[in-house]
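Take a look at the structure below.
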Amino acid sequence: MESVIEMAAKDINSDELENFKKKILKKALFRRRASKLILTILNLFVALFLLLPLLYAVSIAFMPSNELFTTNLNLIPSTPTFNNFRQAMAKIPLKRFIVNSFVVAGFITMGQIISCSLAAFSFSFLDFKGKNVLFMLVMATMMIPGEATIISNYLTVSSLKWLDTYQVLIIPYLTSAMGIFLFRQFYKSFPISLYESARIDGCSNLRFIYSILIPLTKSAIGAMAVYTFINAWNMYLWPLLVTGSDKMRTVQIGIGMLDSVDSQSISMMIAGVVMIIVPSISVFIIGQKQLIRGMFSGAVKG
Amino acid sequence: MASLSLVNVCKTFKNGQIAVKDFNLDIKDEEFLILVGPSGCGKSTTLRMIAGLEEISSGELWIDGALMNLTVPQKRDLAMVFQSYALYPHLTVYENIAFSLRVRNIPQIEIEERVKKAADILCIRHLLDRKPFALSGGQKQRVAIGSVIVRKPKAYLMDEPLSNLDAKLRTQMRVELSKIHKELGATIIYVTHDQVEAMTLGTKIVVMNAGVIQQAAPPEVLYNNPVNKFVAGFIGSPSMNFIPVWVERREERICIVFSNNRLFLNEDNAHCLIESGYLGRRVYLGIRPEDFHETGPKEQAIKLKVEIKEVLGSDILLHGKIGGNPICGRLKPDFPSEAGTEVSIFADMNRILLFDLDTEENILDH
């Protein structure tokens, strides 16, 4: 049977048909390329617009103070300098603060991943009495704002003589209801038959967690790690309250110390800010693939 | 391999729904037992109770003489193939098959030997380095079977393992499962809703409905001598035809009468009906599509108005209605019939079954 195209093509000779096809293909290709180009330009423009404050901050960090305080709009420093960074480093022990923040954020991240994933495992895979009530109780803690408990927490840790130590910064944040909830959501989309199969194969719960569950929920762990690390890095109120010496301060408090009434230098403060956002941005860039995959896992059928 | 016993096993879910009621069954060593029934009849729940994935609400489960009700799945020494294959996606085929052996701390050399042997039986040796995502449905199925046969457990449990395969592959895998059963001398408990699978694979079939065993018997017994209308209708494809009929005495013989048709019973069946007191009462006539013939004695003729004719190649299926009851007959392809015409087909009176109208039990239980 002849197709509709074959029947229509009968009236045209083969050369004309070839030319016609080429013309149509060329037109379609042009349209596709043009729309791609427009989209790329639009994306670049939006990205530039969104990143402008950050890029401007980086630019200021390299700008001498006299260039900043002029009536001209200096977006890019004409004589870039590292002076602001040097001054910031000299004024406060920034290195120590960065190390502290890394230690605190690192331990909090590891602790939350371990505790939240284990708790979420029991809520998703195990069957025990009062499971739902217990989960609701955990979720209910999310409704209590941190500020409401901060004084009682302070009194507790001070009675334990923990003030101005690493454990006071780490231990209260070793688990989180949000983390348990996120992991439980990831595990809900995990095929239960794999767990049942592993159990029949003779696998214990712990072995199942480390040899099956963890490798298969890497994206969830990655997402959780990035989210927790950035949150822990950005902690302000609690470290401010429980640390007193430079030895234990974290970077967010340190930045506050750069601002002094007597000799305020915006470019030096911005240089400090730029230095402390580098680690959190790096964590985000390294983990962004996992973060996005983790955020949307289970959203569509795999 | 092992023998299993289920004694008065019941399963009631938290919401009060009864999934399995008074399940009593002995599964002998090396038996290929099939649990078959419509969706929701409790066959998978029974299998999961045997595996230890569901708690037994009441009753006893014995495996090789040991009470297993409270034993955790890891310690029952059973292996299970899941409908969804349950392959670990991050492990290669080799690692998937070897997983249960690694968990049991079996030496590496033995693991390698056993994995390769299982792979040879299932013809998947060339796939050992692949990950599950790079396998077709049939290959995944083989790997799933490989990961259980590698272990030599007390019994193999299979939960609709072929239901995700296409028709051709299913037939092929059926043959292979049969071979594996013979080669390994394994005790297999197999759940399916496909009665063709049940008939071809099982040495014993348990037909379940609404959580209750209807009949447990070898395939040929189920086909020829079902205990009730449910089993008769469930086993066989296309399923048995049922027509409500009157049992009457005419011309000194016992016959069944329905919608201007009259069929004389053979002496054995007539005697059985009289003895059971069914004369003058209504019963269900059950006749399989393949028990209709193109020719026969006039007294066995039934008039059927053909509504649909299905050509299968080797046979034809004629669909019509007698007294409002749907009727299907399987006849030879050269039988002259067209949709819309009336044809005479002949019932094999030695193959018919009669069921009580109320209890639906087989009256002619041979």
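Going through B:I106, B:I145, B:I111, B:I97 one at a time, which residue ends up being assigned by TED's automatic domain parsing to the domain that holds B:E160 and not in a helix (DSSP H, G or I)? Lay out the reasoning, then the answer.
Values: B:I145 fails: not in a helix (DSSP H, G or I); B:I111 fails: not in a helix (DSSP H, G or I); B:I97 fails: not in a helix (DSSP H, G or I).
Criteria check complete, one pass: B:I106.
For segment A:61-91, which positions are open to solvent by 70 Å² or more (accessible area, probe 1.4 Å) and either closer than 18 Å to A:M269 by Cβ or touching a Gly at 6+ places or on another chain (Cβ under 6 Å) (or both)?
A:N66, A:F69, A:P80, A:F82, A:N83, A:R86, A:Q87, A:M89, A:A90, A:K91
Just name the residue that is surrounded by the most Cβ atoms within 10 Å (Cβ to Cβ) out of those in segment B:274-301 that are in contact (Cβ under 8 Å) with a residue 24 or more places away in the chain and over 16 Å from B:A347 (Cβ atoms). Quick ask: steps written out before the conclusion?
Residues of segment B:274-301 in contact (Cβ under 8 Å) with a residue 24 or more places away in the chain: B:276, B:278-297, B:299-301.
Keeping just the survivors that are over 16 Å from B:A347 (Cβ atoms) gives B:276, B:278-282.
On the way: B:S276: 16, B:Y278: 19, B:L279: 14, B:G280: 9, B:R281: 14, B:R282: 14.
It comes out as B:Y278.
State whether the residues of segment A:170-190 include one that is within 14 Å of chain B (Cβ to nearest Cβ) and either buried (at least 18 other Cβ atoms within 10 Å of the Cβ) or closer than 30 Å to B:Q74 by Cα (or both). Full working, then the answer.
Taking segment A:170-190 first, the residues within 14 Å of chain B (Cβ to nearest Cβ) are A:189-190.
So of that shortlist, the ones also either buried (at least 18 other Cβ atoms within 10 Å of the Cβ) or closer than 30 Å to B:Q74 by Cα (or both) come out as A:189-190.
Checked segment A:170-190: at least one residue is within 14 Å of chain B (Cβ to nearest Cβ) and either buried (at least 18 other Cβ atoms within 10 Å of the Cβ) or closer than 30 Å to B:Q74 by Cα (or both).
Within the group B:L67, B:L78, B:L47, B:L87, which residue is among the aliphatic types (A, V, I, L, M), modelled with pLDDT of 90 or more and over 22 Å from B:L177 (Cβ atoms)? Outline the logic, then answer.
Working: B:L78 fails: over 22 Å from B:L177 (Cβ atoms); B:L47 fails: over 22 Å from B:L177 (Cβ atoms); B:L87 fails: over 22 Å from B:L177 (Cβ atoms).
Only one candidate qualifies: B:L67.
Quick one: how many residues across segment B:251-277 are within 25 Å of B:I327 (Cα to Cα) and not hydrophobic (A, V, I, L, M, F, W, C)? Please lay out each step first, then the result.
First, pick out the residues of segment B:251-277 that are within 25 Å of B:I327 (Cα to Cα): B:254-266, B:269-270, B:273.
Next, from what is left, pick out any that are not hydrophobic (A, V, I, L, M, F, W, C): B:259-262, B:266, B:269.
Adding up the residues that qualify gives 6.
Any residue that is among the small types (G, A, S), surrounded by 12 or more Cβ atoms within 10 Å (Cβ to Cβ), assigned to a helix (DSSP H, G or I) and not assigned by TED's automatic domain parsing to the domain that holds A:T228 - is there at least one of those in segment A:49-57? Break it down into steps so the answer makes sense when it comes.
So the first thing to find is which residues in segment A:49-57 are among the small types (G, A, S), and the list is A:57.
Narrowing further to those that are surrounded by 12 or more Cβ atoms within 10 Å (Cβ to Cβ): A:57.
Now narrow it down to the ones that are assigned to a helix (DSSP H, G or I): A:57.
Still in the running and not assigned by TED's automatic domain parsing to the domain that holds A:T228: A:57.
Checking segment A:49-57: at least one residue is among the small types (G, A, S), surrounded by 12 or more Cβ atoms within 10 Å (Cβ to Cβ), assigned to a helix (DSSP H, G or I) and not assigned by TED's automatic domain parsing to the domain that holds A:T228.
Is there a residue being at positive phi, in contact (Cβ under 8 Å) with a residue 40 or more places away in the chain and open to solvent by less than 40 Å² (accessible area, probe 1.4 Å) anywhere in segment B:54-63? Talk me through it step by step, then tell me what you get.
At the first step, the residues of segment B:54-63 found to be at positive phi are B:59.
Next, only the ones that are in contact (Cβ under 8 Å) with a residue 40 or more places away in the chain stay: B:59.
The next check asks that each one be open to solvent by less than 40 Å² (accessible area, probe 1.4 Å); those that pass are B:59.
The answer is yes; a qualifying residue exists.
Please pick out the residue among B:V227, B:V257, B:V212 that is open to solvent by less than 40 Å² (accessible area, probe 1.4 Å) and aliphatic (A, V, I, L, M).
Working: B:V227 fails: open to solvent by less than 40 Å² (accessible area, probe 1.4 Å); B:V212 fails: open to solvent by less than 40 Å² (accessible area, probe 1.4 Å).
After ruling out the rest, the residue left standing is B:V257.
Is at least one residue of segment B:2-17 in contact with a strand residue (DSSP E or B) (Cβ under 6 Å, 6 or more places away or on another chain), basic (K, R) and either outside any helix (DSSP H, G or I) or free of Cβ contacts under 8 Å to residues at least 40 places away in the same chain (or both)?
The answer is yes, given that some residue of segment B:2-17 is in contact with a strand residue (DSSP E or B) (Cβ under 6 Å, 6 or more places away or on another chain), basic (K, R) and either outside any helix (DSSP H, G or I) or free of Cβ contacts under 8 Å to residues at least 40 places away in the same chain (or both).
So how many residues does segment B:87-114 have that are within 14 Å of chain A (Cβ to nearest Cβ) and in contact with an Asp or Glu (Cβ under 9 Å, 6 or more places away or on another chain)?
Going through segment B:87-114 one residue at a time, the tally reaches 9.
Give the number of residues within segment B:18-51 that are among the hydroxyl-bearing types (S, T, Y) and at positive phi.
From segment B:18-51, those among the hydroxyl-bearing types (S, T, Y) are B:39, B:44-46; that's our starting set.
Among the residues that remain, those that are also at positive phi are: none.
Looking only at that region, the number is 0.
So is B:V207 in a strand (DSSP E or B) and of a type in the set (A, V, I, L, M, F, W, C) or not? Let's see the steps before the verdict.
Numbers: in a strand (DSSP E or B): yes; of a type in the set (A, V, I, L, M, F, W, C): yes.
So B:V207 fits the description; yes.
With the checklist (1) open to solvent by 80 Å² or more (accessible area, probe 1.4 Å); (2) touching a strand residue (DSSP E or B) at 6+ places or on another chain (Cβ under 9 Å); (3) not charged (D, E, K, R) in hand, flag the one item B:L70 doesn't pass.
For B:L70, the failing item is (2).
Which members of segment A:175-224 meet the condition of being hydroxyl-bearing (S, T, Y) and either outside any helix (DSSP H, G or I) or closer than 18 Å to B:N105 by Cα (or both)? Can you show your working first?
Within segment A:175-224, the subset hydroxyl-bearing (S, T, Y) is A:175-176, A:187, A:189, A:193, A:195, A:197, A:204, A:210-211, A:217, A:219.
Scanning segment A:175-224 gives A:T175, A:S176, A:S189, A:S197, A:S204, A:Y210, A:S211, A:T217.
Being at pLDDT below 90, aliphatic (A, V, I, L, M) and open to solvent by 50 Å² or more (accessible area, probe 1.4 Å) narrows it down to one of B:I180, B:I121, so name that one.
Details: B:I180 fails: open to solvent by 50 Å² or more (accessible area, probe 1.4 Å).
Exactly one residue qualifies, and that residue is B:I121.
Regarding segment A:132-142, can at least one residue be identified that is over 30 Å from B:A79 (Cα atoms), in a helix (DSSP H, G or I) and within 14 Å of chain B (Cβ to nearest Cβ)?
Step one: filter segment A:132-142 for residues over 30 Å from B:A79 (Cα atoms), giving A:132-142.
Next, from what is left, pick out any that are in a helix (DSSP H, G or I): A:132-142.
Now restrict to residues that are within 14 Å of chain B (Cβ to nearest Cβ): A:132.
Checked segment A:132-142: at least one residue is over 30 Å from B:A79 (Cα atoms), in a helix (DSSP H, G or I) and within 14 Å of chain B (Cβ to nearest Cβ).
Going by what's in this entry, would A:K21 be described as free of Cβ contacts under 8 Å to residues at least 12 places away in the same chain and either farther than 30 Å from A:M269 by Cβ or outside any helix (DSSP H, G or I) (or both)? Don't jump to the end; show me each part of the working.
Numbers: free of Cβ contacts under 8 Å to residues at least 12 places away in the same chain: yes; either farther than 30 Å from A:M269 by Cβ or outside any helix (DSSP H, G or I) (or both): yes.
Answer is yes for this residue.
So which of A:T156, A:T175, A:T141 is of a type in the set (V, I, T), in the same structural domain as A:T228 (by TED's automatic domain parsing) and out of contact with any helix residue (DSSP H, G or I) (no Cβ under 8 Å at 6 or more places or on another chain)?
A:T156
Taking into account only those residues within segment A:209-256 that are within 14 Å of another protein chain (Cβ to nearest Cβ), free of Cβ contacts under 8 Å to residues at least 40 places away in the same chain and among the aliphatic types (A, V, I, L, M), which is least open to solvent (accessible area, probe 1.4 Å)?
A:I212
When the residues of segment B:148-177 are filtered to those that are over 18 Å from B:I27 (Cβ atoms) and among the hydroxyl-bearing types (S, T, Y), which remaining residue is modelled with the lowest pLDDT?
B:S163
Considering every residue within segment A:14-27, establish whether at least one is closer than 30 Å to A:R249 by Cβ, among the basic types (K, R) and open to solvent by 90 Å² or more (accessible area, probe 1.4 Å). Show your work before the answer.
Our first condition is that a residue be closer than 30 Å to A:R249 by Cβ; within segment A:14-27, this holds for none.
No, segment A:14-27 has no match at all.
Filter segment A:92-131 down to the residues that are outside any helix (DSSP H, G or I) and surrounded by 15 or more Cβ atoms within 10 Å (Cβ to Cβ) and list them by number. Explain how you work it out, then say what you get.
We begin by selecting, within segment A:92-131, every residue outside any helix (DSSP H, G or I); these are A:92-93, A:126-130.
Correct list: A:I92, A:P93.
From the set of residues in segment B:148-174 that are in a helix (DSSP H, G or I) and more than 14 Å from chain A (Cβ to nearest Cβ), which is least open to solvent (accessible area, probe 1.4 Å)? Show your work before the answer.
Residues of segment B:148-174 that are in a helix (DSSP H, G or I), as a first pass: B:148-149, B:167-174.
Next cut, more than 14 Å from chain A (Cβ to nearest Cβ) only: B:167-174.
Values: B:A167: 72, B:K168: 166, B:L169: 43, B:R170: 63, B:T171: 64, B:Q172: 82, B:M173: 2, B:R174: 41 Å².
Residue satisfying both the conditions and the ranking: B:M173.
Give the number of residues within segment B:64-80 that are more than 13 Å from chain A (Cβ to nearest Cβ) and on the phi > 0 side of the Ramachandran plot.
Residues flagged as more than 13 Å from chain A (Cβ to nearest Cβ) and on the phi > 0 side of the Ramachandran plot within segment B:64-80 amount to 2.
All but one of (1) closer than 22 Å to A:E196 by Cα; (2) more than 11 Å from every other protein chain (Cβ to nearest Cβ); (3) open to solvent by 40 Å² or more (accessible area, probe 1.4 Å) hold for B:Q83; which doesn't?
(2)
The values are calculated or read from the model by the stated rules, or taken from the named source; none is laboratory data. Please read these numbers as outputs of a predicted model, since none were measured by experiment. A quick note on method: Cβ atoms are made from the backbone with ideal geometry, for glycine too, and the neighbour counts reach across all protein chains shown. The protein model used for the area step is the full one, side chains on, heavy atoms only, and it has no ligands, DNA or RNA in it. Shrake-Rupley method; radii C 1.70, N 1.55, O 1.52, S 1.80 Å.
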